[in-house]
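Read the structure below first, then the notes.
The values are calculated or read from the model by the stated rules, or taken from the named source; none is laboratory data. All figures in this text were calculated on a predicted structure; none of them were measured in a lab. Cβ: placed from backbone, ideal geometry, glycine included. Neighbour counts: every protein chain shown. Keep in mind that these areas ignore ligands, DNA and RNA; they rest on the heavy atoms of the full protein, side chains included. Shrake-Rupley method; radii C 1.70, N 1.55, O 1.52, S 1.80 Å.
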Amino acid sequence: MLAVLLILIDDPDDKKMFEKIYRENIEDLKKYAYFFLKNAEDAEDAVQDVFFKIAKNFDNISSRLKNENEWRNYLFMSIKNKAFDLIKKNNHQTDIFESLKVEYSHTLNDSFPDTIESSENIQHIVYAIQSLNITYKYVLYQNLIMGLKPSEIAKIDGIKIATVNQRLLRGKAILREKLESGEKNDKSWFYKCL
């Protein structure tokens, strides 16, 4: 697909820049789209649609985005908007974590200790996040699973950094309470990351 997209761009330097952006972000964008759509094919389609639109309008878009951070934020915001459009179009009414599988455990960000290796521990995190209010689900997923910084989440979601930090703080506190009231398994590995 990359070869087809590159045909849409005339300037050789722009082609190199587009290819770099594509290769550095494609996998994270697929995971992010999957988070909303819960279907690998739909996620792939959403990502390809976004990159197609970017390739068609590369001159215009690249003139507004000056660095990698701006590109990354633009891409994640575009994927989120495309996913919401697809959800509205297809009228998907499912819980955003229902089909999240352990196969995505390798995406847990570096704030998690190395002792989170068992699928049981990861499932505890996913189920605990799943039970939260949607306000906290999104920011915790973006931070704990996708590894996004609060400033990146703020730009993607169009909210203030202070709001993101507050939601992370409250969401993590609620997670602690849920895990403490749950099973008596040793969850000290989880508390270290909160």
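Per-residue answers, yes or no, for (1) more than 20 Å from Asn81 (Cβ to Cβ); (2) touching a residue at least 24 places away in the same chain (Cβ under 8 Å):
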{"position": "Leu132", "(1), (2)": "yes, yes"}
{"position": "Leu148", "(1), (2)": "no, yes"}
{"position": "Ile159", "(1), (2)": "no, no"}
{"position": "Asn165", "(1), (2)": "yes, no"}
{"position": "Leu168", "(1), (2)": "yes, yes"}
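Select from the stretch 37-65 the residues that are in contact with a Phe, Trp or Tyr (Cβ under 7 Å, 6 or more places away or on another chain) and under 19 Å from Tyr141 (Cα atoms) and list them in ascending order.
Ala40, Ala43
Just need a number here: residues in the stretch 137-164 that are part of a helix (DSSP H, G or I), more than 18 Å from Lys31 (Cα to Cα) and among the β-branched types (Val, Ile, Thr).
Result for the stretch 137-164: 3.
Mind checking whether some residue in the stretch 91-114 is modelled with pLDDT of 50 or more, touching a helix residue (DSSP H, G or I) at 6+ places or on another chain (Cβ under 8 Å) and not polar (S, T, N, Q)?
no
Being more than 18 Å from Arg23 (Cβ to Cβ) and free of Cβ contacts under 8 Å to residues at least 24 places away in the same chain is the filter here, so list the residues in the stretch 66-87 that pass it.
Lys66, Asn81, Asp85
Looking at the stretch 171-182, which of its residues are surrounded by fewer than 16 Cβ atoms within 10 Å (Cβ to Cβ) and either part of a helix (DSSP H, G or I) or on the phi > 0 side of the Ramachandran plot (or both)?
Matches in the stretch 171-182: Ala173, Arg176, Glu177, Lys178, Glu180, Ser181.
In contact with a Gly (Cβ under 7 Å, 6 or more places away or on another chain), modelled with pLDDT of 70 or more and either of a type in the set (Ser, Thr, Tyr) or over 20 Å from Phe76 (Cβ atoms) (or both): is that true of Tyr136 in this structure?
Yes: the conditions hold for Tyr136.
Please enumerate the residues belonging to the stretch 51-78 that are over 17 Å from Asp14 (Cβ atoms), open to solvent by less than 80 Å² (accessible area, probe 1.4 Å) and of a type outside the set (Phe, Trp, Tyr).
Within the stretch 51-78, Arg72, Asn73, Met77, Ser78 meet the criteria.
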